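The next block holds one structure in the form of structure tokens; read it before the comments.
Since every read-out is calculated from the coordinates, none of them should be taken as a lab result. Being a predicted model, the structure only gives us computed values, none of them experimental. Positions of Cβ are backbone-derived with ideal geometry, glycine not excepted, and every protein chain shown enters the neighbour counts.
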Amino acid sequence: MGYPGNDNYWHEVQEAAAYLQSQITGSPEIGLMSGTGLGGSTASMAVDFEIDYADIPHFPVSTVVSHAGRMVSGRMHGRYVMVMQGRFHLYEGYPPGAVTFPVRVMQALGVKTLIVTNAAGGLNPEFAPGDIMAIVDHINLTGENPLVGTNNEDWGVRFPDMSAVYSPELIQLAGNVAEKNGLRMKKGVYVGLKGPSLETPAETRFIRKIGADAVGLSTVQEVIAAVHAGMRILGLSIITNINDPDRPEPATVEEIIGVAKNAAPFLAQLISGVAEEM
Ligand code: HPA
């Protein structure tokens with residue numbers, strides 16, 4: 001796979017998109033990118049096509065056990081939705097261009113709204129495990145950016161504006177849907193790190209101080225590419241554990257996945273409601 005500045009990269013994106021378009025029966029309007037333990041957010045969808053990433057031309061292959069590595073498409077309340085079950089992380093060794101490849105395929109297929117979900121550690125003392133947090137903004141501390149390199153003007157501008165990345169309208173809509181369904185939705189700033197090591201107490205203190213409410217190892221690369229692509233974005237985190245720098249407790253991946261899986265049906269309900277009312 002090429003890197004984003006290389007013509008070959010865009011050619012590969014287009015080949016992957018053309019292949020998928022030849023298989024699916026609609027024009028995807030919404031893209032859903034699901035995170036750790038959250039691959040099941042498609043319960044309310046009338047699925048018409050499923051494919052392993054490995055069978056899509058040029059697609060990177062997911063290496064994380066909790067990620068299915070499948071693309072599923074179909075209708076949700078009449079809207080054609082494309083779901084990426086499983087994402088690629090910088091910590092797996094993928095370059096930013098691979099992490100954002102699925103978003104570029106969505107762009108090529110005409111997706112206008114991206115919903116990203118993830119599992120995140122809670123930093124805000126008012127958060128509890130199992131909470132859903134709508135991302136209102138992010139801080140990219142990965143040290144990487146998917147737009148580095150020659151800019152391809154056909155896909156987006158050189159210096160994308162980042163003043164309103166997460167759509168206030170979609171956050172409002174998600175809040176209304178949550179309320180209607182008796183779900184509590186928090187709001188906050190997500191900080192994206194590279195990982196894979198989790199945070200030391202001093203790092204947790206630092207990221208809290210700079211204004212973060214939740215921390216995770218994904219999302220920001222895809223979101224930057226989606227902004228470049230001109231998409232409207234809704235980001236939803238499941239708070240799987242609480243990071244308190246004054247009372248540090250070991251966090252385990254099993255626990256993180258377990259909490260995310262338990263919260264997945266609520267997240268699915270929220271996403272379905274958003275798709276219905278947007
Ligand atoms: N840190 C980083 N990523 C995470 C965490 C965490 O505590 N929980 C879930 N993803």
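If I filter the stretch 266-275 for residues that are assigned to a loop (DSSP other than H, G, I, E, B) and of a type outside the set (Asp, Glu), do I get at least one hit?
The initial filter retains those residues of the stretch 266-275 that are assigned to a loop (DSSP other than H, G, I, E, B), namely none.
No, the stretch 266-275 has no match at all.
Looking at the stretch 94-111, is at least one residue more than 16 Å from the ligand (Cβ to nearest atom), touching a Lys or Arg at 6+ places or on another chain (Cβ under 6 Å) and free of Cβ contacts under 8 Å to residues at least 60 places away in the same chain? Steps first, please.
Applying the first criterion (more than 16 Å from the ligand (Cβ to nearest atom)) to the stretch 94-111 yields 94-98, 100-111.
Still in the running and touching a Lys or Arg at 6+ places or on another chain (Cβ under 6 Å): none.
Scanning the stretch 94-111, I find no residue that is more than 16 Å from the ligand (Cβ to nearest atom), touching a Lys or Arg at 6+ places or on another chain (Cβ under 6 Å) and free of Cβ contacts under 8 Å to residues at least 60 places away in the same chain, so the answer is no.
In the stretch 68-85, which residue that is part of a strand (DSSP E or B) and of a type in the set (Gly, Ala, Ser) is surrounded by the fewest Cβ atoms within 10 Å (Cβ to Cβ)? Reasoning before the result, please.
Here is the first cut: in the stretch 68-85, the ones part of a strand (DSSP E or B) are 70-76, 79-85.
Add one more test, that the residue is of a type in the set (Gly, Ala, Ser), and what stays is 73-74.
On the way: 73: 25, 74: 20.
Among residues in the stretch 68-85 that are part of a strand (DSSP E or B) and of a type in the set (Gly, Ala, Ser), the one surrounded by the fewest Cβ atoms within 10 Å (Cβ to Cβ) is 74.
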In this structure, is residue 163 more than 14 Å from the ligand (Cβ to nearest atom), of a type in the set (S, T, N, Q) and without any contact (Cβ under 8 Å) to a residue 40 or more places away in the chain? yes
Among (1) within 23 Å of residue 262 (Cα to Cα); (2) in contact with a strand residue (DSSP E or B) (Cβ under 9 Å, 6 or more places away or on another chain); (3) more than 15 Å from the ligand (Cβ to nearest atom); (4) small (Gly, Ala, Ser) - the single one residue 182 does not satisfy: (2)
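Would you point out which residue out of 237, 197 is buried (at least 20 other Cβ atoms within 10 Å of the Cβ) and among the polar types (S, T, N, Q)?
Numbers: 197 fails: buried (at least 20 other Cβ atoms within 10 Å of the Cβ).
237 is the lone residue from the list that is buried (at least 20 other Cβ atoms within 10 Å of the Cβ) and among the polar types (S, T, N, Q).
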Can you find, within the stretch 157-183, the residue that is nearest to the chain's Cα centre (by Cα) among those that are within 18 Å of residue 131 (Cα to Cα) and loosely packed, with under 13 Cβ neighbours inside 10 Å? 172
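Take the residues in the stretch 240-258 that are β-branched (Val, Ile, Thr) and surrounded by 20 or more Cβ atoms within 10 Å (Cβ to Cβ), then tell me which one is nearest to residue 204 (Cα to Cα).
The first filter runs over the stretch 240-258 and keeps only residues β-branched (Val, Ile, Thr), leaving 240, 242, 252-253, 256-257.
Still in the running and surrounded by 20 or more Cβ atoms within 10 Å (Cβ to Cβ): 240, 256.
Values: 240: 15, 256: 17 Å.
Checking each candidate, the answer is 240.
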Quickly run through the stretch 228-265 and pick out the residues that are within 25 Å of residue 103 (Cβ to Cβ), in a helix (DSSP H, G or I) and more than 16 Å from the ligand (Cβ to nearest atom). 228
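Determine whether the stretch 133-143 contains at least one residue that is more than 20 Å from residue 89 (Cα to Cα), within 14 Å of the ligand (Cβ to nearest atom) and touching a strand residue (DSSP E or B) at 6+ places or on another chain (Cβ under 7 Å). Before you say what the answer is, go through the steps one by one.
Step one: of the stretch 133-143, the residues more than 20 Å from residue 89 (Cα to Cα) are 133-134, 136.
Within this subset, residues satisfying the condition of being within 14 Å of the ligand (Cβ to nearest atom) are 133.
Retained after the next criterion (residues that are touching a strand residue (DSSP E or B) at 6+ places or on another chain (Cβ under 7 Å)): 133.
For the stretch 133-143, residues more than 20 Å from residue 89 (Cα to Cα), within 14 Å of the ligand (Cβ to nearest atom) and touching a strand residue (DSSP E or B) at 6+ places or on another chain (Cβ under 7 Å): present.
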In the stretch 112-127, residues that are surrounded by 24 or more Cβ atoms within 10 Å (Cβ to Cβ) and away from the ligand (no atom under 13 Å from the Cβ) total 3
